[in-house]
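First comes the structure, then the notes that go with it.
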Number of protein chains: 2
Amino acid sequence: MSNLTSLDLTSRGIAELRAAHEDVRRRYQAFAERKLKLNLTRGKPSSKQLDLCNELLSLPGGDYMAGAVDTRNYGELQGLPELRAQLAPIFGVSPDRVILGDNASLALMHDAVVYSMLKGTVDSDKPWSRESRIAFLCPVPGYDRHFSICAQFGIEMIPVPMLDTGPDMAVVEQLVASDPQIKGMWCVPKYSNPCGTVYSHETIERLAKMPAAARDFRLFWDNAYAVHHLTHEHIEITNIDEACARHGHPNRAFIFGSTSKVTFAGAGVGLFAGSKDNVAWYLKQMSMRTIGGDKVNQLRHVRLFNTNGGVAALMDRHREILAPKFEQVLKTFEQHLGDSGVARWTRPKGGYFISLEVLDGCAKRVVQLAKEAGVELTPAGATHPLGKDAQDRFIRIAPSFPELPEVTQAAEGVAVCVLLAATEKLLQSHAG
Amino acid sequence: MSNLTSLDLTSRGIAELRAAHEDVRRRYQAFAERKLKLNLTRGKPSSKQLDLCNELLSLPGGDYMAGAVDTRNYGELQGLPELRAQLAPIFGVSPDRVILGDNASLALMHDAVVYSMLKGTVDSDKPWSRESRIAFLCPVPGYDRHFSICAQFGIEMIPVPMLDTGPDMAVVEQLVASDPQIKGMWCVPKYSNPCGTVYSHETIERLAKMPAAARDFRLFWDNAYAVHHLTHEHIEITNIDEACARHGHPNRAFIFGSTSKVTFAGAGVGLFAGSKDNVAWYLKQMSMRTIGGDKVNQLRHVRLFNTNGGVAALMDRHREILAPKFEQVLKTFEQHLGDSGVARWTRPKGGYFISLEVLDGCAKRVVQLAKEAGVELTPAGATHPLGKDAQDRFIRIAPSFPELPEVTQAAEGVAVCVLLAATEKLLQSHAG
């Protein structure tokens with residue numbers, strides 16, 4: 001192990017830096033020569049995780065009835081009551097205020113934006129597409145696919161800094177109170193993508209309570225990681241639906257979730273939840289595009305949860321597979337970057353990501369170096385609206401998909417790339 | 001059997017009419033007193049039809065791989081190549097120009113309209129929502145859910161009469177050539193809903209060839225009944241994709257289909273097909289709302305078709321179940337209404353519906369009488385834009401779901417209601 005990391009690189013003199021750079025360059029070369037092919041790009045479950053639910057592959061078997069409902073035929077727009085009852089408590093609403101979608105909660109978010117654009121929400125004076133300008137608040141770093149939906153429909157994105165307690169509420173409150181064109185805000189309230197941040201009680205209370213200049217302001221509450229714990233500490237967040245109702249904004253939250261990272265990533269069930277009025281509104285729009293979702297798949301999920309101790313027991317088994325991968329990345333980063341002064345990273349208690357921060361202006365270079373050495377990372381900037389991280393500092397690390405030995409190798413490779421990009425940068429600064 | 005039907009009711013004198021009316025009223029009363037509960041409302045497959053594909057309920061079993069693709073995980077936006085290859089020939093395009101959706105082709109049609117509204121097609125100067133006015137041609141009678149999508153998004157619907165060869169092309173050509181705000185036209189080209197009409201070669205050629213004032217005019221080609229034959233005569237229609245390309249309008253047709261009435265109505269696979277540019281365009285929009293469809297379900301379909309002689313063999317078995325129900329309705333109508341002069345109906349060679357035409361101003365009354373006697377029918381007017389059949393004459397009969405004895409009873413009931421409404425009407429005319 002090199003002793004490079006025992007000192008803060010940023011405080012070294014030029015000669016020491018040159019030596020460090022040479023040393024790191026050699027390590028990078030050695031890593032690249034192993035010609036590995038590793039991928040830390042997306043939050044995909046691993047095969048072992050998917051194996052936990054292989055029972056789904058031969059369910060429901062001969063019995064296709066769900067109560068009086070023939071799951072094979074048309075109908076049941078809102079989804080099977082049995083599955084709604086199983087999932088509703090996770091999202092803090094009653095089963096009658098849950099709608100089951102197809103396999104992707106992203107599609108439900110997209111469609112909620114589409115319906116708001118073309119029809120307006122229950123509290124809108126007109127469709128959003130008739131407004132001269134529409135803006136969403138986007139806590140950064142955040143989820144690229146949220147931002148893509150805004151970009152797609154010409155919705156202006158206003159970045160808001162993330163704190164350890166969630167989005168910076170002083171900024172949020174000021175903006176939402178003063179600008180009637182701010183119609184929405186993306187929120188991943190628990191184990192956020194990519195920081196793993198959990199919104200504090202105070203943050204959620206303030207989001208529910210704050211005055212909004214737009215009467216039809218909506219929190220797009222993507223509770224994607226509601227039960228996706230990485231530790232034995234099962235963190236619970238404040239119920240957004242209750243809080244909004246209590247503060248007189250019952251329709252403020254559109255709640256989203258799915259079983260994508262509970263059962264099968266590509267063949268789970270997505271979910272919309274919200275107030276009575278929001279649910280009636282969503283169902284009305286949805287009834288124009290479908291007669292109902294795939295109830296056979298819903299029934300598969302009901303049966304699976306019934307015979308496997310439910311969602312919580314299943315999530316324990318996911319944790320057993322996932323947690324060591326996260327620990328390995330954190331251990332490797334600590335070992336190689338711990339005292340370097342050129343990187344910091346999050347230590348999430350749940351979710352699918354670690355957010356790695358490098359020296360300003362180095363994120364793109366790290367991703368490029370990693371790619372050339374055989375490690376695919378999410379493109380730098382993906383965590384920010386329009387892919388533009390002005391500081392070029394955030395990298396999202398997704399360790400879920402590769403097996404543990406690959407994760408270890410990849411994390412080492414990333415650490416070396418961080419050091420190499422940093423010494424390059426610091427040498428430039430000295431030269432400049 | 002009453003001899004009522006041996007004479008044309010419309011040519012009877014008042015005394016004869018009164019007698020006929022009394023006789024029909026008694027028959028209606030007798031029917032109502034049986035307190036049946038029958039339903040001919042929607043084109044739902046029967047349990048016996050669904051049973052044909054019960055293999056799906058335990059597929060794919062242990063082997064979840066489709067080539068190198070783990071169907072359980074994220075990805076494959078366009079859908080499994082194997083299933084695209086199986087379905088593409090039915091819709092007359094190559095597999096690379098097929099996109100697999102979720103379980104409902106209606107959703108794909110809805111989304112194609114949404115994308116056109118909010119983004120514009122590949123040939124649009126601007127999104128349709130920025131136009132002062134958008135209109136679609138709607139052949140009538142037609143499919144209520146098509147019309148609902150237009151109503152939902154404020155798209156003006158211009159009815160076009162259906163002839164035996166398809167929509168009245170003289171009307172269509174004149175309108176499309178002269179009005180640049182006509183951006184779309186709904187077409188069910190084969191065994192149309194509800195008339196069972198098959199678009200002739202000439203009709204399809206003219207649709208493909210006709211000049212359109214709107215450069216981005218689109219045929220919404222809902223080939224829902226492409227393989228849904230009711231006779232041994234497997235009618236083939238002219239390939240719309242080839243015809244459009246040949247006439248210099250390669251992007252004119254958006255093609256839709258599904259396996260809803262091939263496998264499971266609620267758990268099949270929907271499909272979009274079209275030109276290379278249309279497919280690229282659709283995929284781009286779709287990539288904003290999903291990472292991919294349910295590939296496990298796609299794999300189920302691949303395996304089912306592989307082991308059951310493919311789609312055609314399966315459709316033969318559907319026909320064996322469906323054809324007798326249609327024959328029974330036609331026989332019953334012939335028996336009770338054949339010479340009455342107060343009704344005519346279609347004799348479809350495929351699809352899911354019979355269109356029944358009654359005396360002007362009688363359709364609503366027939367549906368009401370039927371309901372009161374225990375037979376649910378699709379609401380009168382549903383076959384027309386905004387539910388408004390100005391002549392109040394069309395009723396859609398859907399005999400697929402009930403078992404054969406119920407179909408027979410229901411058809412008798414409907415026939416009696418038609419006679420009762422007609423004698424009421426004719427007596428009113430005499431009085432007036």
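The values are calculated or read from the model by the stated rules, or taken from the named source; none is laboratory data. Quantities reported herein were computed from a predicted structural model and do not represent experimental measurements. For neighbour counting, all protein chains shown are included, and Cβ atoms are generated from backbone atoms with ideal geometry for every residue, glycine included.
Checking each residue in segment A:183-202 for being buried (at least 23 other Cβ atoms within 10 Å of the Cβ) and either not assigned by TED's automatic domain parsing to the domain that holds A:R133 or not in a loop (DSSP other than H, G, I, E, B) (or both) picks out A:K183, A:G184, A:M185, A:W186, A:C187.
Identify, please: which residue in segment A:298-312 is crowded, with 23+ Cβ neighbours inside 10 Å and under 24 Å from the mean Cα position of the chain (by Cα) and is, among those, farthest from B:G266 (Cα to Cα)? Applying the filter and picking the extreme gives A:H301.
Just to be sure I understand, how many residues within segment B:140-171 are closer than 23 Å to B:P189 by Cα and either in a loop (DSSP other than H, G, I, E, B) or within 14 Å of another protein chain (Cβ to nearest Cβ) (or both)? Residues meeting the conditions: 15. Restricting B:V329, B:V262, B:V269 to residues that are of a type outside the set (G, A, S) and more than 18 Å from the chain's Cα centre (by Cα) narrows the list to B:V329. Would you confirm whether or not segment A:272-283 contains a residue that is surrounded by fewer than 15 Cβ atoms within 10 Å (Cβ to Cβ) and more than 30 Å from B:F147 (Cα to Cα)? No, segment A:272-283 contains no residue that is surrounded by fewer than 15 Cβ atoms within 10 Å (Cβ to Cβ) and more than 30 Å from B:F147 (Cα to Cα).
If I ask for residues that are surrounded by fewer than 19 Cβ atoms within 10 Å (Cβ to Cβ), farther than 30 Å from A:E372 by Cβ, free of Cβ contacts under 8 Å to residues at least 60 places away in the same chain and of a type in the set (A, V, I, L, M, F, W, C), which ones from segment A:25-82 would you list? Within segment A:25-82, A:M65, A:A68 qualify.
Please determine, by comparing only the residues of segment A:374-393 that are within 15 Å of the chain's Cα centre (by Cα) and closer than 23 Å to A:L230 by Cβ, which one is surrounded by the fewest Cβ atoms within 10 Å (Cβ to Cβ). Among them, the one singled out is A:T378. Residues that are more than 14 Å from chain B (Cβ to nearest Cβ) and out of contact with any helix residue (DSSP H, G or I) (no Cβ under 6 Å at 6 or more places or on another chain) do occur in segment A:58-69. Scan segment A:105-135 for residues that are closer than 24 Å to A:K388 by Cβ, under 17 Å from the mean Cα position of the chain (by Cα) and among the hydrophobic types (A, V, I, L, M, F, W, C) and jot them down. The answer is A:L106, A:M109. For segment B:395-409, the count of residues that are crowded, with 21+ Cβ neighbours inside 10 Å, among the polar types (S, T, N, Q), more than 21 Å from B:D144 (Cα to Cα) and in contact (Cβ under 8 Å) with a residue 24 or more places away in the chain is zero. Among residues that are facing chain B (nearest Cβ under 9 Å) and farther than 23 Å from A:Y191 by Cα, A:D111 is included. Being modelled with pLDDT of 95 or more, within 20 Å of B:T307 (Cα to Cα), surrounded by 20 or more Cβ atoms within 10 Å (Cβ to Cβ) and not assigned by TED's automatic domain parsing to the domain that holds B:T408 is a condition met by no residue of segment B:96-109.
Tell me, please, whether a residue that is more than 9 Å from chain A (Cβ to nearest Cβ) and not in a helix (DSSP H, G or I) can be found in segment B:15-33. No; the residues of segment B:15-33 include none that is more than 9 Å from chain A (Cβ to nearest Cβ) and not in a helix (DSSP H, G or I).
A single member of B:R84, B:R72, B:R42 is more than 25 Å from B:Y225 (Cα to Cα) and either at pLDDT 95 or above or not in a helix (DSSP H, G or I) (or both), and it is B:R72.
It is to be established whether one or more residues within segment A:294-303 are more than 9 Å from chain B (Cβ to nearest Cβ), more than 25 Å from A:S400 (Cβ to Cβ), among the hydrophobic types (A, V, I, L, M, F, W, C) and outside any loop (DSSP other than H, G, I, E, B). Scanning segment A:294-303, I find at least one residue that is more than 9 Å from chain B (Cβ to nearest Cβ), more than 25 Å from A:S400 (Cβ to Cβ), among the hydrophobic types (A, V, I, L, M, F, W, C) and outside any loop (DSSP other than H, G, I, E, B), so the answer is yes. Restricting attention to segment A:237-271, which residues are within 19 Å of B:R72 (Cβ to Cβ) and either surrounded by fewer than 22 Cβ atoms within 10 Å (Cβ to Cβ) or of a type in the set (V, I, T) (or both)? Correct list: A:T259, A:V262, A:T263, A:V269. One residue is enough: does segment B:132-139 have a residue meeting the conditions more than 12 Å from chain A (Cβ to nearest Cβ), out of contact with any strand residue (DSSP E or B) (no Cβ under 8 Å at 6 or more places or on another chain), over 27 Å from B:P379 (Cβ atoms) and surrounded by fewer than 20 Cβ atoms within 10 Å (Cβ to Cβ)? The answer is yes, given that some residue of segment B:132-139 is more than 12 Å from chain A (Cβ to nearest Cβ), out of contact with any strand residue (DSSP E or B) (no Cβ under 8 Å at 6 or more places or on another chain), over 27 Å from B:P379 (Cβ atoms) and surrounded by fewer than 20 Cβ atoms within 10 Å (Cβ to Cβ). If the requirement is being under 23 Å from B:A104 (Cβ atoms) and in the same structural domain as B:D123 (by TED's automatic domain parsing), which of these qualifies: B:G257, B:G248? The unique qualifying residue is B:G257. Just one of the listed residues (B:K325, B:K284) is closer than 30 Å to A:G43 by Cα and among the charged types (D, E, K, R), namely B:K284.
For segment A:116-131, residues that are surrounded by fewer than 22 Cβ atoms within 10 Å (Cβ to Cβ) and either modelled with pLDDT under 95 or at the interface with chain B (Cβ under 9 Å from one of its Cβ atoms) (or both) total 5. Considering the conditions (1) within 9 Å of chain B (Cβ to nearest Cβ); (2) free of Cβ contacts under 8 Å to residues at least 24 places away in the same chain; (3) more than 17 Å from A:A107 (Cα to Cα), A:M288 is excluded by exactly one of them, (3).
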